[in-house]
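J.: I have a structure I would like to understand better, so I am pasting it below and will then ask my questions one at a time.
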Amino acid sequence: MRALAFVALAAAAPAMAQATDDQWLEAPHGTQALEWARAKTAASQTKIRAMPTYATVKAELASALATGAAEPDITLMGQRAVRFLRDAEHPYGLLQLARRGDDGLPGAWRTVLDVGQLRKTENAPLELQAYDLSSACLAPSFSRCLLRLSPAGGDEVEIREFDLDQARFVEGGFRTPKARAFAEWLG
């Protein structure tokens, strides 16, 4: 049995070695990884700028951006509507909550989290990774949500439990250290 395990391990060794050849890319701020990314970006930009439609598409995008902020993402959860709104006045975004009326439409919006203010309070360059909050908030009340905060918009996040009704993070609630992670409520 031991010989069989050794043979399997020996056969897997080349694949394992190949998988680790790119480990240097895993460090989010590694010098070699950043240099590689800059070189790939420059090469891609050169190819994109050479496309015949580049000038037209660039002008259309600039025009669309000049018209104002994008429509906010709205998630309907039971009797709640939650939206993440970004505009010129709030470039880091506002998480807002509204109660839905009998007609299903949201009422007045109330800001429950100002990400710009959170950045100032915690003296950290946090970004809220807003996505479909229906899987991040605990049914059926949808009052507790697991919010994904990333330092400087990176792919590592800190997940924190947030109380929409109280408009604050839950003291002693669910919280993860910064990592490449995802969490959602079960049940």
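J.: Taking the stated definitions as given, is ASP165 touching an Asp or Glu at 6+ places or on another chain (Cβ under 9 Å), surrounded by fewer than 13 Cβ atoms within 10 Å (Cβ to Cβ) and acidic (Asp, Glu)?
T.: Working: touching an Asp or Glu at 6+ places or on another chain (Cβ under 9 Å): no; surrounded by fewer than 13 Cβ atoms within 10 Å (Cβ to Cβ): yes; acidic (Asp, Glu): yes.
It is false that ASP165 is touching an Asp or Glu at 6+ places or on another chain (Cβ under 9 Å), surrounded by fewer than 13 Cβ atoms within 10 Å (Cβ to Cβ) and acidic (Asp, Glu).
J.: Okay, moving on. Just one of (1) modelled with pLDDT of 90 or more; (2) of a type outside the set (A, V, I, L, M, F, W, C); (3) more than 23 Å from the chain's Cα centre (by Cα); (4) not in a helix (DSSP H, G or I) trips up ARG83, so point out which.
T.: So the condition that ARG83 fails would be (3).
J.: Moving to a separate point now. Within region 134-149, take every residue that is hydrophobic (A, V, I, L, M, F, W, C) and out of contact with any Asp or Glu (no Cβ under 7 Å at 6 or more places or on another chain) and give me the one that is nearest to LYS178 (Cα to Cα). First the steps, then the outcome.
T.: Step one: of region 134-149, the residues hydrophobic (A, V, I, L, M, F, W, C) are 136-139, 142, 145-147, 149.
Of the ones still in play, those that are also out of contact with any Asp or Glu (no Cβ under 7 Å at 6 or more places or on another chain) are 137-139, 142, 145, 147.
Numbers: CYS137: 20, LEU138: 22, ALA139: 26, PHE142: 24, CYS145: 17, LEU147: 12 Å.
The residue in question is LEU147.
J.: Another one. Say we look at region 118-130 and pick out the residues that are within 20 Å of GLU171 (Cα to Cα) and hydrophobic (A, V, I, L, M, F, W, C); which of these is surrounded by the fewest Cβ atoms within 10 Å (Cβ to Cβ)? Step through it out loud before you land on a result.
T.: Residues of region 118-130 within 20 Å of GLU171 (Cα to Cα): 118-124, 126, 128.
Applying the additional criterion that residues be hydrophobic (A, V, I, L, M, F, W, C) yields 118, 124, 126, 128.
Details: LEU118: 17, ALA124: 12, LEU126: 19, LEU128: 21.
Across region 118-130, the extreme among qualifying residues is ALA124.
J.: Now, a different point. Return the residue satisfying two criteria in turn: it lies in region 119-134 and is touching a residue at least 40 places away in the same chain (Cβ under 8 Å) and in a helix (DSSP H, G or I), and of such residues it is farthest from GLN79 (Cα to Cα).
T.: Top of the filtered list is LEU133.
J.: Among the numbered criteria (1) part of a strand (DSSP E or B); (2) of a type outside the set (A, V, I, L, M, F, W, C); (3) surrounded by fewer than 19 Cβ atoms within 10 Å (Cβ to Cβ), which single criterion is violated by GLN96?
T.: Only one criterion is unmet by GLN96, namely (3).
J.: Just give me the residues in region 44-63 being surrounded by 10 or more Cβ atoms within 10 Å (Cβ to Cβ) and β-branched (Val, Ile, Thr), in sequence order.
T.: Within region 44-63, ILE48, THR56, VAL57 qualify.
J.: Shifting gears a bit: So which residues in region 131-159 are surrounded by 14 or more Cβ atoms within 10 Å (Cβ to Cβ) and touching a Gly at 6+ places or on another chain (Cβ under 7 Å)?
T.: Passing the criteria: only PHE142.
J.: So which residues in region 108-118 are touching a Leu at 6+ places or on another chain (Cβ under 7 Å) and part of a helix (DSSP H, G or I), if there are any at all?
T.: VAL115, LEU118
J.: Also, quick follow-up: Would you please name the residue that is modelled with the lowest pLDDT, looking only at residues in region 135-162 that are of a type outside the set (A, V, I, L, M, F, W, C) and not in a strand (DSSP E or B)? It would help to see each step written out before you state the result.
T.: Initial filter on region 135-162 (of a type outside the set (A, V, I, L, M, F, W, C)): 135, 140-141, 143-144, 148, 150-151, 153-156, 158, 160-161.
Next cut, not in a strand (DSSP E or B) only: 135, 140-141, 143, 153-156.
On the way: SER135: 85, PRO140: 92, SER141: 92, SER143: 94, GLY153: 78, GLY154: 82, ASP155: 86, GLU156: 91.
Filtering region 135-162 for residues that are of a type outside the set (A, V, I, L, M, F, W, C) and not in a strand (DSSP E or B), the one modelled with the lowest pLDDT comes out as GLY153.
J.: Please pick out the residue among LEU94, LEU164, LEU138 that is more than 28 Å from ALA27 (Cβ to Cβ), in contact (Cβ under 8 Å) with a residue 60 or more places away in the chain and of a type outside the set (Phe, Trp, Tyr).
T.: Working: LEU94 fails: in contact (Cβ under 8 Å) with a residue 60 or more places away in the chain; LEU138 fails: in contact (Cβ under 8 Å) with a residue 60 or more places away in the chain.
Result of the check over LEU94, LEU164, LEU138: LEU164.
The values are calculated or read from the model by the stated rules, or taken from the named source; none is laboratory data. What you see is a predicted model, and the numbers here were worked out from it, not measured in a lab. Because the Cβ atoms are built from the backbone with ideal geometry, glycine has one as well, and the counts that use them run over all protein chains shown.
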